[in-house]
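What follows is a short report on a single structure.
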Amino acid sequence: MTKKILWGFGAILVIGLLVVGYLWKESAEDITATEQLERYYEVYNNKDFEAFYDMLSEKEQEELEANNKRQDILKGFEKAWRVIEVIKIEEQDGGTKNGTIVAATVSHPPHGSEPKITFIETFKLIKVTDEWKFDDYISKEIVD
C-alpha cells in the first residue's frame, strides 16, 4: 500500500514538473522583441549584469570575450549606472527571426548636477532557440 502511495505521489510530481516546464517554455516563446527590450531595462535597473550578458547573441558574447571586454563592460556598467525610465518601446523594422529592429525612448532622471536626459536607443534582436537575443547596438540619439 505504501509503495502505491509513493508511486502515485511520484507520478503527480512528474506530471506537475512537465506542466510547469511546458508553461515556462510557452511563455519564453511568447515574448516579443519589444518585451525583451523591456526586460533589458529591468535587468539594467536591477544591476544584473549576468542576466544582461545572457540576453546577448552568441556573436556579441564572442566579441566581448575575444576583445577581453567583458570585465571592462561590467566596470562601466556599474560605474555609469543610473536608473532608466522607459517611456516608449516600439518595433521599427523586421519582425522576422532574421532580425528585428526595436527602439526605446528612455530617460535618466536628474542626478546630482546632471539634468534629465531623454534618448532613443535602437537595437537589432534576433531569434535564437525561441528567445530574442541582442545582436547589435545600432544607435543612441539624445532628444529633448
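Laboratory data are not the source of any read-out in this text; all were calculated from the coordinates shown. Model, not experiment: these values are computed from the prediction. As a convention, Cβ positions derive from the backbone with ideal geometry for all residues, glycine included, and neighbour counts pool all protein chains shown.
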(message) If you take every residue apart from Val102 with its C-beta less than 13 Å away from the C-beta of Val102, what net charge results, scoring Lys and Arg +1 and Asp and Glu -1?
(response) -3
(message) If I model a spin label as a point 7 Å beyond the Cα along the Cα-Cβ vector, how far apart are those points for Glu90 and Ile31 in nm?
(response) 2.4 nm
(message) Greater than 20 Å separation of Cα atoms is the criterion. Which listed pairs, Lys47/Lys79; Lys47/Lys133; Lys47/Lys69; Lys47/Lys127; Lys47/Lys75, meet it?
(response) Lys47/Lys127
(request) Write down, largest first, the equivalent ellipsoid semi-axes of the range 67-115 in whole Å, where each equals the square root of 5 times an eigenvalue of the alpha-carbon gyration tensor. (result) 27, 21, 6
(request) At 7 Å along the Cα-to-beta-carbon direction for both Lys69 and Phe119, put a label point, then send me their distance in nm to one decimal. (result) 1.5 nm
(request) Based on the mean of other Cβ atoms within 10 Å per residue, sort peptides 63-70, 86-93, 126-133, 31-38 so the most packed one is first. (result) 31-38, 126-133, 86-93, 63-70
